[in-house]
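Notes to accompany the following structure.
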Amino acid sequence: MSATTTFSVRPATLRDAKSITELHNATVCEAFKSATPNAPVPVAALEKNQAYWREAIEYAEPQVHVALDGDTIVGFVGFDRSRDKGTPQTMGEIWSIYVASSHMGQGAGLALWDAAREGLMEEGCTHVTVWIPIANDRALRFHELAGFKREPSSAKTVPIGTARVEEIRLKRALS
């Protein structure tokens with residue numbers, strides 16, 4: 001992966017919650033449409049998502065960082081310890097990573113991944129996982145280029161709105 005633009009990345013502040021929510025809703029809808037073209041897009045209430053991101057930022061669960069192009073938030077990442085049962089304390093997880101479609105392929109995702117990797121290593125994590133919808137080729141390709149490997153036995157079906165989406169876990173060492 002090579003960056004063609006330099007993005008600054010910083011921890012999110014409470015003032016960023018609205019922008020993160022709007023970016024999250026837009027990118028999830030776009031990804032959902034391409035992965036499940038015949039299913040209606042499940043749109044959560046903006047206020048509910050904004051409350052989630054405000055709480056995540058306030059309590060750092062997950063830790064949230066934003067990528068900036070000038071003063072504009074163009075991506076964000078949420079990361080913390082793994083939520084999967086039975087994983088050791090040294091297992092981190094990318095809870096979410098999203099970049100505005102206008103900035104995909106320009107290095108924002110890589111800048112966010114680098115920030116999450118550093119943050120997880122500071123927390124004592126040695127490995128990291130991420131759950132990706134199997135039909136999201138772009139996200140799978142991004143994470144595989146970043147060194148993640150698929151765990152085929154982890155595949156599962158999760159309900160999203162009225163649709164069911166197949167997800168797979170990817171994993172890599174942080175060092």
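The values are calculated or read from the model by the stated rules, or taken from the named source; none is laboratory data. The shown structure was predicted, so the numbers you read here are calculated from the model rather than taken from an experiment. Every residue, glycine as well, gets a Cβ built from its backbone with ideal geometry; the counts of neighbours run over all protein chains shown.
Summary table
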quantity: Any chance residue 124 is small (Gly, Ala, Ser), within 21 Å of residue 90 (Cα to Cα) and surrounded by 15 or more Cβ atoms within 10 Å (Cβ to Cβ); calculated: no
quantity: Residue match in the stretch 150-159 (condition: free of Cβ contacts under 8 Å to residues at least 40 places away in the same chain, within 15 Å of residue 91 (Cβ to Cβ) and of a type outside the set (A, V, I, L, M)); calculated: yes
quantity: Residue satisfying all of: in the stretch 123-164; touching a strand residue (DSSP E or B) at 6+ places or on another chain (Cβ under 7 Å) and among the aromatic types (Phe, Trp, Tyr); nearest to residue 28 (Cα to Cα) among these; calculated: 131
quantity: One residue from 88, 62 being closer than 21 Å to residue 25 by Cα and either touching a strand residue (DSSP E or B) at 6+ places or on another chain (Cβ under 8 Å) or not small (Gly, Ala, Ser) (or both); calculated: 62
quantity: Cβ-Cβ under 8 Å pairs, at least 6 apart or on other chains, the stretch 44-59 side modelled with pLDDT of 90 or more, far side in a helix (DSSP H, G or I) and exposed (fewer than 15 other Cβ atoms within 10 Å of the Cβ); calculated: 54/14; 57/14; 58/14
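For every residue, the table says whether it meets (1) assigned to a helix (DSSP H, G or I); (2) crowded, with 20+ Cβ neighbours inside 10 Å; (3) hydroxyl-bearing (Ser, Thr, Tyr); (4) touching a residue at least 12 places away in the same chain (Cβ under 8 Å).
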position	(1), (2), (3), (4)
80	no, yes, no, yes
93	no, yes, no, yes
102	yes, no, yes, yes
109	yes, yes, no, yes
114	yes, no, no, yes
